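Undergrad: Following this message is one structure expressed as structure tokens.
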Amino acid sequence: MAVQYYEGIGRRKEASARVRLMSGTGKFTVNDKPIEDYFPRLGDKESIFAAFAATSQEPDTFDVTVKVNGGGVTGQTDSVKLGLARALVKMNIDFTPMLRKEGLLTRDPRIKERKKPGLKRARKAPTYTKR
């Protein structure tokens, strides 16, 4: 008997998260660590759980396992948030309008801009010298 789970993929900048949602006891693990250990910053956990709040679901009734890699802390937080929202939509399609209204199903399209030739970075030009 295979365990029934719902999977959502979230991405932001260079970070990518694979979120698996299944009914359980409220265990939330990120890369085999508890969420409190992996995201210790203030507000990160609340930001991730926004999808549960928007759909008025209790996080205690689900087990969530997340594999996240790449990017920094903010990118990883936002990618987990998007992945969780997508997994909830796969679980129940009726959650879509609630999550869309909160902006939780929209991928953030901003990425790092490429470096241009003749410049030091994407936009920073070398210092102009008259002589």
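The values are calculated or read from the model by the stated rules, or taken from the named source; none is laboratory data. These numbers were taken from a predicted model, which means no experiment stands behind them. Using ideal geometry, Cβ is built from the backbone for each residue, glycine included, and neighbour counts are taken over all protein chains shown.
Undergrad: Do we have any residue at all in the range 7-19 that's within 28 Å of residue 112 (Cβ to Cβ), crowded, with 21+ Cβ neighbours inside 10 Å and of a type in the set (Lys, Arg)?
TA: yes
Undergrad: Next question, about the same structure. Can you pull out the residues in the range 107-125 that are over 23 Å from residue 28 (Cα atoms) and surrounded by 10 or more Cβ atoms within 10 Å (Cβ to Cβ)?
TA: Hits for the range 107-125 are 108, 111, 115, 116, 119, 120, 121, 122, 124, 125.
Undergrad: Regarding the range 69-79, can at least one residue be identified that is modelled with pLDDT of 95 or more and either farther than 30 Å from residue 123 by Cα or acidic (Asp, Glu) (or both)?
TA: Scanning the range 69-79 turns up at least one residue that is modelled with pLDDT of 95 or more and either farther than 30 Å from residue 123 by Cα or acidic (Asp, Glu) (or both).
Undergrad: Can you go through 60, 78 and tell me which one is surrounded by 10 or more Cβ atoms within 10 Å (Cβ to Cβ), on the phi < 0 side of the Ramachandran plot and either free of Cβ contacts under 8 Å to residues at least 40 places away in the same chain or not in a helix (DSSP H, G or I) (or both)?
TA: That would be 60, the only listed residue that is surrounded by 10 or more Cβ atoms within 10 Å (Cβ to Cβ), on the phi < 0 side of the Ramachandran plot and either free of Cβ contacts under 8 Å to residues at least 40 places away in the same chain or not in a helix (DSSP H, G or I) (or both).
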